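Heads up, the thing below is written out as structure tokens.
The values are calculated or read from the model by the stated rules, or taken from the named source; none is laboratory data. Everything numeric here is computed off the predicted structure, so don't read it as measured data. Reconstructed Cβ throughout: ideal geometry from the backbone, glycine too, with neighbour counts over all protein chains shown.
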Amino acid sequence: MAGKHPDPDEHEEMESLVVASVLDALDRRQQAEVDAHLATCPRCRTLEASLRETAVEISAGLESAPPARLRVSVLDAVRAEAAASSPTEARMRPSRRAVIGSALALAASAVVATGVVLSRPGRSEEDQEIARVLTAGDARLYSTTWESAQVTVVHSASSAASVIEVRGLPPAPRGRDYQIWSMSPAGPEDAGLLRPDADGRARLRIGSHAAGGTAVSLEPAGGSEQPTTSPFIAVTYS
């Protein structure tokens, strides 16, 4: 008699607990549940091993840990339910698979910020400004996906700035650019162009003195004074 197939939603929930376990964020009951599951699930054992290996690799040479508040934001995202809306919207409740990747991307960003950028002279001013946002004590993480791209935004009110990072973003169509908008009560303000490299990666600091969120739209090459299309990504800071 064939064995019972696990419910996909329940297994995604367990995957999120595995991520939280690697971040040492579970209580005893939850950790016992994860340990019991790992004993019978090769897939999750592989996930755990990969996460721990990555954590070790990116921690090499780290001079200081990422701020606790940022770690809490990662855990908040890991525990969030998946939600689909149009445009892709946050406070953000992404798929757990996206959160796994975004959490690791955030960890890598924190290593760059604390272990490299701030400890080496000669880094660009932009790199140092990004580092200050990522290591701010009140930094909060928001994460979502759009098509093949993973989108992570770290916002710090005390820094009056945010950092947006994308991975797997396809090139903008010919004659078009991805444009970032800082969303304030007065309306959207131009926050720069998002131009991914050949691997679909890009990172940009966004000034957000009075901003309540960030949005991205597809605009004519060089950008627009105001959005001419509806944002396909919209992040509301909480």
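So the values come out like this:
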item: Residue count, the stretch 194-217 (criterion: surrounded by fewer than 17 Cβ atoms within 10 Å (Cβ to Cβ) and within 15 Å of residue 169 (Cβ to Cβ)); result: 6
item: Every pair of residues 6+ apart whose Cβ atoms lie under 7 Å, when the first sits in the stretch 205-231 and is closer than 21 Å to residue 128 by Cβ while the second is in a loop (DSSP other than H, G, I, E, B); result: 207/160; 208/160; 209/160
item: The stretch 165-191: number of residues that are free of Cβ contacts under 8 Å to residues at least 24 places away in the same chain and in a strand (DSSP E or B); result: 2
item: The listed residue being assigned by TED's automatic domain parsing to the domain that holds residue 133, in contact with a helix residue (DSSP H, G or I) (Cβ under 7 Å, 6 or more places away or on another chain), surrounded by 17 or more Cβ atoms within 10 Å (Cβ to Cβ) and within 22 Å of residue 126 (Cβ to Cβ), out of 163, 153; result: 163
